[in-house]
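Take a look at the structure below.
Values in this text are rule-based calculations from the coordinates and carry no lab data. These numbers come from a predicted model, not from an experiment. Here the Cβ is made from the backbone with ideal geometry for all residues, glycine too, and neighbour counts use every protein chain on show.
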Amino acid sequence: MGRTSKDKRDVYYRLAKENGWRARSAFKLLQLDEQFQLFQGVTRAVDLCAAPGSWSQVLSQKIGGQGCGHVVVAVDLQAMAPIPGVVQIQGDITQLSTAKEIIQHFEGCPADLVVCDGAPDVTGLHDVDEYMQAQLLLAALNIATHVLKPGGCFVAKIFRGRDVTLLYSQLRVFFSSVLCAKPRSSRNSSIEAFAVCQSYDPPAGFTPDLTRPLLDHSYDPDFNQLDGPSRIIVPFVTCGDLSSYDSDRSYPLDLEDGSEYKYTPPTQPPISPSYQEACRLKKKGWLAKEIHPQHHPISRVDTLPQ
Ligand code: SAM
C-alpha cells in the first residue's frame, strides 16, 4: 500500500495531519463540541486514555491549558510526546494507584470536564470487546465521580452493543442528561459512539469511594430496573455539520481549490509503539511461524535465538 492511499481512503486521517493533529480522533471531539459546547466555561479537564494526544491537543487549545488555574491532565498506558500545558500521567486507569494520582491534581479544585476515548485492544469477539470497553468506561466514571464538580460534564467512548441500555442507566444515576452521540468523523460501520453526560448530580448519599465498585448501588435499589417505566431511553444524536466529510467515503486527493496534493507526514509518530518489537523481529526473520499440521506433517514453531 502506497503511503498516500490511506490519505485517499480516510479523509479525516489526511485532514488531521494537515491540521497538525496527532490523530483523526481530534475531529470527533471537535464535532462533539460543535453540538454540545463542551468547552464553554471549562478551565480544568481530564483526558483519560489520551495517547497519542489529539484530544489533549484540542483541550489545550480550547481551554487554554497554560493559563493560571487552568489544567489538563492526560493519562494513558502508552507514553505520549509532551503537549504544552498538559500534565501527563502514564498508567492504567483501572488501577487504584493511577486513579489516586489523577485525583490528587483536583483536590480542592475540581474538574469541569472529564473525557475518555479509551479503547481496549479489539479482539473481534464482540461480547469480549464490549465487556472490556465497559470496564474502561466504569473506571473512567469512577475517576470522574472523584474529580468532577457538580454540574460538570463527562464524555466517554462506548460500544453500542447489546448491553448499552444498562450502561445508560448507570450513567443516568450520576448525570441529569445522558445522550448517545455519533460524530460524522466516526465511521458508520463502527459500533463506536460517545456517551455525553451533562450536569453531574450524584444521588443523595453517594460518597465516591475508590475501593468500592460503582456497580454496588446500594443507595439506589431501583437503578438496575431496565423494564417498565424506569427503562431509560437515551436520545441518539449525530453531530458535526452535515456538509462535513463523510468518514465512510473515499475522497480524491486533488484539492477543491485546484492546488496540487502534497503528502503530509504524521504530526507525531508514536513513541515506543508495541509493534516496534514485532517489526524488528520480522526484519531479522525471527518471528514465530506456526505451520498447520494438516498441510505439513511436522508442525514447526520457530524459536528466537537467545
Ligand atoms: N483520544 C486519543 C487521541 O485523540 O489521540 C486516542 C485514544 S486511542 C483510541 C485509545 C487509547 O486508550 C490508547 O492509547 C490506549 O493505550 C488507551 N488505553 C486502553 N486501555 C487503557 C487503560 N486501561 N488505561 C489507560 N489507557 C488505556
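Before moving on, here are some points about what is shown:
- When Cys153, Cys109 are sorted by how many other C-beta atoms sit within 10 angstrom of their C-beta, beginning with the fewest, the order is Cys109, Cys153.
- When the GluC sites (Glu not before Pro) in the range 97-154 are filtered for DSSP coil states and for at most 11 other beta-carbon atoms within 10 Å of their beta-carbon, the remaining sites are Glu107.
- Once the Cα-Cα distance is subtracted from the 0.36 nm per residue extended length, the Thr94 to Ser250 segment shows a gain of 52.4 nm.
- Rounded to the nearest 20 debye, the dipole magnitude of the range 101-140 is 80 debye, with +1 charges on Lys and Arg beta carbons, -1 on Asp and Glu beta carbons, and the Cα centre as origin.
- Phi-derived couplings, Karplus 6.51 cos²θ - 1.76 cosθ + 1.60 at θ = phi - 60°, listed residue by residue for the range 84-99: x, x, 10, 8, 10, 10, 9, x, 9, 5, 8, 8, 4, 4, 5, 4 Hz, with x used for Gly and Pro.
- Difference of contour (0.36 nm per residue) and Cα-Cα distance, Thr207 to Ser274: 20.3 nm
- Between Trp286 and Asp163, the FRET efficiency estimated from the beta carbon spacing at R0 = 45 angstrom works out to 0.60.
- Listed from fewest to most Cβ neighbours within 10 Å, the set Tyr168, Tyr12, Tyr275, Tyr131 follows the order Tyr275, Tyr131, Tyr168, Tyr12.
- Placing +1 on the Cβ of every Lys and Arg and -1 on the Cβ of every Asp and Glu, with nothing else charged, gives the range 46-163 a dipole about its Cα centre of roughly 340 debye.
- Sorted by Cβ neighbour density within 10 Å, fewest at the top, the residues Lys62, Lys6, Lys262: Lys262, Lys6, Lys62
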